[in-house]
Amino acid sequence: MIPTIGRTELLRQCLVSLLGCEPPPAEIVVVDRSGAGAVTAMVRALGRADLVRVVTSDGRGIARATNDGVRAARHRTVLVTHDDCTVVPDWVGEAVRLLEAQPDGIVTGRVLAPADAAYVPSTIDGDQPVEYTGRITSGVLYPANMAFDREAMLDFGGFDERAALPLAAEDNDPCYRWLRDGRRLRFEPSLVVWQHDWRSPEQSRRTHVTYARGQGAFYAKHLLLGDRQILALLRWDLSEGLKSKLRGLLRGTPRVARPVPRDDRLAAAGSGRRNIARTQPVPLDGASIEEARQIAGVGLGHACGEGGGVGDLVRQVRRPRQAPMGDRAPAAPSSPPRHGRHAGTVLVRQRPA
């Protein structure tokens, strides 16, 4: 499945790489958020109607499109990448092999920037497997490269579709909830995609502003639900966000890579926007939920250069959650095959601007 808003050339390159996989996927689902006909026309021109199909989404965000794609999938094994990515030829087969070892878990892998890329905002290049099961953390799920069981994701409830959780929180939120539920999540370096550089410097700056605002909404959501486990993650992110902002101002860059602590409590799994995996969090001494809310609103607001702008997102988080995934689901087979004749459904998500 590929949620897309119509960047057809990037999408075409992604599809060509997927069609070249051995073994091939059993199906590729493109979720079109554009409301236009360019995506359907491009897919038709590929001449692979037997393998690639287009479903429509209402354009309300990548989380909604991802959920729509999961519902539309006809196979239990679902692989996800982004439309600005290309995959290695063994990507499908490797994902299936890895999921067979933990059929109800999520497997995520390396997201690499090509050698000639000027700037790719979120990459991961760890060379060792990392088991995150049993840890309470976020930021270690890379949705440009992940695979999971469709039924397990439906049972979990999928991605939170609220507009207050854009980009960073759209994947950090399910990562945190998944691990907090005691579910399995593993990083495997043998699962590889390449993410391509296409943003202008101004687009990169706006992307990181949105990352920070989304992360603030993520913390606000869980604090408003009375979740104190989130406090240690909030403290670390505020500290590093402020440091990153200062480094960016001094060096004139949209973002500087975070330093990677390497001690017995913090395990690094590569480089990029979300490169720190935390173990069980250390309590935030003496900090109340109210104090943490204030920190989230002011600290993250300043960290992304928006003053106290996280407050608007907090108000969105207070609104009742939308209906569960299944309530809006197009009909799907009740018991889809795990792998089908080939190797499951590929869910290709679009990287927003």
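Every number in this text was worked out from the coordinates using simple rules, so none of it is lab data. Owing to the predicted nature of the structure, the values given are computational and were not obtained by experimental measurement. For neighbour counting, all protein chains shown are included, and Cβ atoms are generated from backbone atoms with ideal geometry for every residue, glycine included.
Calculated FRET efficiency, R12 and R247, Cβ-Cβ r, R0 22 Å, to nearest 0.05? Walk me through the intermediate numbers first.
On the way: r = 37 Å, r/R0 = 1.68.
After rounding, the FRET efficiency stands at 0.05.
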Taking V120, V111 and counting other beta carbon atoms within 10 angstrom, the fewest-first order is V120, V111
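For every other residue with a beta carbon closer than 10 angstrom to the beta carbon of H222, add +1 if it is Lys or Arg and -1 if Asp or Glu, then tell me the sum. All intermediate terms of the calculation are to be shown ahead of the outcome.
Working: positive: R177, R180, K221, R228; negative: D173, D227.
Taking every Cβ under 10 Å from that of H222, the sum is +2.
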For the R53, D90 Cβ pair and Förster radius 25 Å, calculated FRET efficiency rounded to 0.05 is 0.60
Scalar couplings 3J(HN,Hα) for the range 234-241 by Karplus 6.51 cos²θ - 1.76 cosθ + 1.60 (θ = phi - 60°), nearest whole Hz, x for Gly and Pro, are 4, 4, 5, 5, 4, 4, 6, x
PRE zone check, label point 7 Å out along Cα-to-Cβ of D127, amide N under 17 Å, scope the range 176-200, hits 188-192
